[in-house]
Structures are given as C-alpha cells and as structure tokens.
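Engineer: Let me give you the structure first, and then I'll get to my questions.
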Amino acid sequence: KMAGVKAFTGLTGMAVAKNPGHTLGVLYSKILRACAKMPADYTYRKETETMINERADIIKKSADMAEAEKKIGMGQIEEVIIQAENELVLARGILEWRAWEPLEEKAPENQWKWPL
Amino acid sequence: MASRSLGRIVSSGLLRNLGVQRTGLPLINSARHESTEGSDSTALETRPTVRKFDPAVRQGLTDFGQYVAECMPKFVQKVQLTAGDELEILISPAGVVPVMSFLKNHTNAQFGSLADIAGVDMPTRQYRFEIVYNLLSFRFNSRIRVKTYTDELTPIDSVNDIFKAANWNEREVWDMYGVYFANHPDLRRILTDYGFEGHPLRKDFPLTGYVESRYDDELRRVVQEPVELAQEFRKFDLAAPWEQFPAFRESLPAAEEVPINNKE
C-alpha cells in the first residue's frame, strides 16, 4: 500500500510516522467507542462520528498516505494523527464532564449587559 | 453534507476574499513629485472609511458559534458577534476547562494558540470581574473570544494544563485583579513590586497608588511612604457641549447576539 515512505515532514520536531494507517485506525476506533457512550442526538457525537468515518474511509480507499493527506486536506498525516489524539482526549473529557446536559448555571441578571 | 465546521466555511470564505481586497488607490498621473506646483490630477479619495461587511465570513462565524453552543450546552450561556466579525462565547465559570479543551482539541476548531487572558473590572456587577480568553487557530486562520465571570473570592480553574501560555497570563490577572486560579502551578505576583499590596487594575485602586518609594540616607535603603504629589490631581472633562458625531446618532449595538437553543 505504501508507494514510498517520505523522508521528512518538513516540520521541526515532527518525525515521520512509521505506520500511520495502523495508528489512525487504533485512535479512530477508540474515539468511536468513546462517542458511543454519548447521547445519540448530541451534535458533537454526530459530527465527530461523521468526520472520523469519513477520514477512515479515505485512508482505506487511498493507494498511499500522500493521496490520503491530500484528500483529507488537513495537513500531513502526522498532523492528522495529532488531531486524532487531541480528539480522543476531548471525547473522554466530554464523557467526564457530561457536556451534553442543558445549561447548568445561568448568568445573573445584567451580567453580560454592555454598555453597563 | 450539512457540516458546519469552521474549516470548510472559513477557508472557502477567506480564499474568496483574498482576491477582492486589492482595489488600489487611484494612480497619481503626474510624475513631478518634486515640483512645488500643486498636482492637479490627483483624484480625491471618495470611498468612506468604514470596515467592509462580509456576509460570508459573518455567516461562517455565526454557524460556528451555534455549533459550539450545541456541543457544549452545559456551559455556554450566550454567543455574540462584536465589531462585525469577532465571535465571543460567554460561558459559566465552571465551564472554563471543558470549553477551552473543546476549542483546542476538537478537529473542527483547533484553536491551538492562547493569545491573551485579559481581566475586566466592573464593580457595579454582582460578579465584578470578567475573564477574557483570546484564542487563535492557525489551521483555519480565525480568532475567538471566551468570556467568564467571577468575583473577588470565587476561584476560576486554571487552563494551564491545556495552554502553557496561561501560566504567566493568569499570574498577571491574579496580580492586577486578585482573581484566584485553582490548580495553577505557581500563582504569584508578576508585574508589581515585591512587597506591593493591592491589585492595581481594580477600579477602586487610585491612579497614583497608595505608596511611593524613595531612598532614605539614614536607613540606607528604599522606604515606602504614603504618596504625596506636588500638584493636585486634575481631572479633565473631555466632553464638549456640542454633538461630536452628528452622522452617527443611531449607533450600532455593541454586540449582535447569535441565537442559540438554551434549554433549561
């Protein structure tokens, strides 16, 4: 599947990923498992699942990583891996904070009034 | 696909605008710049100096504001657009860490840079201090502002774990306003002098301060004494009796609210 591994990413401190397809597959499945625990009508869950499935699809159908990078359109595959890691941290955080619940604390009267 | 990600909207909106901005000034035909004669072929600049209103960018920002409110309904109280194209998310103080984490980590947001944390003191309010976080997204070239509130004694969670830039910025807010940040690794003064008492940017702190320092020859060190000014404080009333901007009598509202679904 790999037509040719690139020599460098061009970004300081970012090493070329050794097996990006596998890494992304693992991360995406973890994100989807975290999203499955959220309510079904939650906007974050719907958007994230759509986006993750789209990206996983692109990676599966692409001949090599360079084509996948271009199709996803969010920078290099190493950056896509970082985005997936962040998304996983966020999904787990949202499960902990239960962010889908309705507004917890209303602002006092005139708190946001401007000009005073 | 009905995806309201900021990326797709903003990147397409921005690319469309890049070509439009470059309408140059009319060329000066006369080449005699050194001449003392007045150049009579310069056309007057007739376009008004108002900011361009770009509905595509504003629609993108409105959509993104609604998206954030739908993803974080527990914490987002209000979303508004100020100055035409600055998106502000107003949240409850308990939601600082969740919302900042969402804005940094979510792929549709990716606001990876905390530009500034500012404080605002409005003593007439119940929660007098407003904490303002300014974020920048490199990926989508856009900015967003997150605002919370607190009073003198209620702590706010530190976002140091999410943005390392918050370290010194929160120290500054602590020093200037007295807002305590919970879970901050090192919350101490940063701008005021070592023994300084008080929080200078509060509205009840006077412009001159309370103490002044001088070197005392007898004690051979710097001493701090109550401030004594040679000239009494002068307050200038800069309002003129005549109306200053008659063409702008109907001023635009300070902020335009973005409608969100606030289910109770």
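The values are calculated or read from the model by the stated rules, or taken from the named source; none is laboratory data. Everything quoted here is computed from the prediction, not taken from an experiment. When we count neighbours, we look across all protein chains shown, and the Cβ atoms used for this are built from the backbone with ideal geometry, even at glycine. Please note that ligands, DNA and RNA were not included when accessible areas were found on the heavy atoms of the full protein model with its side chains. Shrake-Rupley method; radii C 1.70, N 1.55, O 1.52, S 1.80 Å.
Engineer: Any idea how many residues of the stretch B:70-87 are touching a residue at least 60 places away in the same chain (Cβ under 8 Å), more than 7 Å from chain A (Cβ to nearest Cβ) and open to solvent by 10 Å² or more (accessible area, probe 1.4 Å)?
Structural biologist: Selection size over the stretch B:70-87: 2.
Engineer: Right, next: Hey, can you tell me all the residues within the stretch B:130-144 that are assigned to a loop (DSSP other than H, G, I, E, B), in contact (Cβ under 8 Å) with a residue 40 or more places away in the chain and surrounded by fewer than 18 Cβ atoms within 10 Å (Cβ to Cβ)?
Structural biologist: B:141
Engineer: Are any residues in the stretch B:100-127 in a loop (DSSP other than H, G, I, E, B) and either open to solvent by 20 Å² or more (accessible area, probe 1.4 Å) or away from chain A (no Cβ under 14 Å) (or both), and if so, which ones?
Structural biologist: B:110, B:112, B:123, B:124, B:125, B:126, B:127
Engineer: Moving on. Provide a single number: the residues in the stretch B:249-262 that are farther than 21 Å from residue B:58 by Cβ and either touching a strand residue (DSSP E or B) at 6+ places or on another chain (Cβ under 7 Å) or open to solvent by 100 Å² or more (accessible area, probe 1.4 Å) (or both).
Structural biologist: The number of residues fulfilling the criteria is 1.
Engineer: If we scan the stretch B:46-54, do we find a residue that is at pLDDT below 90 and open to solvent by less than 90 Å² (accessible area, probe 1.4 Å)?
Structural biologist: Yes, the stretch B:46-54 contains a residue that is at pLDDT below 90 and open to solvent by less than 90 Å² (accessible area, probe 1.4 Å).
Engineer: Additional query: Out of B:83, B:118, B:109, which single residue is over 17 Å from the mean Cα position of the chain (by Cα) and small (Gly, Ala, Ser)?
Structural biologist: Values: B:83 fails: over 17 Å from the mean Cα position of the chain (by Cα); B:118 fails: over 17 Å from the mean Cα position of the chain (by Cα).
The unique qualifying residue is B:109.
Engineer: Quick check on the stretch A:16-57: of everything there that is surrounded by fewer than 17 Cβ atoms within 10 Å (Cβ to Cβ) and polar (S, T, N, Q), which residue is nearest to the other protein chains (Cβ to nearest Cβ)?
Structural biologist: A:50
Engineer: Quick one: would you say residue A:104 is within 7 Å of another protein chain (Cβ to nearest Cβ) and either closer than 30 Å to residue A:13 by Cα or among the hydroxyl-bearing types (Ser, Thr, Tyr) (or both)?
Structural biologist: Values: within 7 Å of another protein chain (Cβ to nearest Cβ): yes; either closer than 30 Å to residue A:13 by Cα or among the hydroxyl-bearing types (Ser, Thr, Tyr) (or both): no.
No.
Engineer: Also: List every residue pair whose Cβ atoms lie under 6 Å apart, where the two residues are 6 or more positions apart in sequence or sit on different chains, the first residue falls within the stretch B:43-65 and is closer than 20 Å to residue B:110 by Cβ, and the second residue, located anywhere, is part of a loop (DSSP other than H, G, I, E, B) and of a type in the set (Asp, Glu).
Structural biologist: B:57/B:85
Engineer: Would you be able to tell me the number of residues in the stretch B:88-99 that are open to solvent by less than 10 Å² (accessible area, probe 1.4 Å) and more than 16 Å from the chain's Cα centre (by Cα)?
Structural biologist: Residues in the stretch B:88-99 being open to solvent by less than 10 Å² (accessible area, probe 1.4 Å) and more than 16 Å from the chain's Cα centre (by Cα): 5 in total.
Engineer: Next question, about the same structure. From B:10, B:97, grab the single residue that is modelled with pLDDT under 95, within 14 Å of chain A (Cβ to nearest Cβ) and assigned to a helix (DSSP H, G or I).
Structural biologist: B:10
Engineer: Just for the stretch A:60-79: of the residues that are facing chain B (nearest Cβ under 9 Å) and of a type outside the set (D, E, K, R), which one is most open to solvent (accessible area, probe 1.4 Å)?
Structural biologist: That would be A:73.
Engineer: Within the stretch A:84-103, track down each residue that is loosely packed, with under 15 Cβ neighbours inside 10 Å and part of a loop (DSSP other than H, G, I, E, B).
Structural biologist: A:98, A:101, A:102
Engineer: Anything in the stretch A:49-76 that is outside any helix (DSSP H, G or I) and either touching a Pro at 6+ places or on another chain (Cβ under 6 Å) or farther than 18 Å from residue A:8 by Cβ (or both)? List them, or say none. Outline the logic, then answer.
Structural biologist: First, pick out the residues of the stretch A:49-76 that are outside any helix (DSSP H, G or I): A:62-64, A:73-76.
Hits for the stretch A:49-76 are A:62, A:63, A:73, A:74.
Engineer: Does residue B:234 meet the test of being of a type outside the set (Ser, Thr, Tyr), assigned to a loop (DSSP other than H, G, I, E, B), open to solvent by 100 Å² or more (accessible area, probe 1.4 Å) and away from every other protein chain (no Cβ under 14 Å)?
Structural biologist: So residue B:234 fits the description; yes.
Engineer: Which of the residues spanning the stretch A:82-101 are facing chain B (nearest Cβ under 7 Å), in contact (Cβ under 8 Å) with a residue 24 or more places away in the chain and touching a helix residue (DSSP H, G or I) at 6+ places or on another chain (Cβ under 7 Å)?
Structural biologist: Passing the criteria: A:87, A:99.
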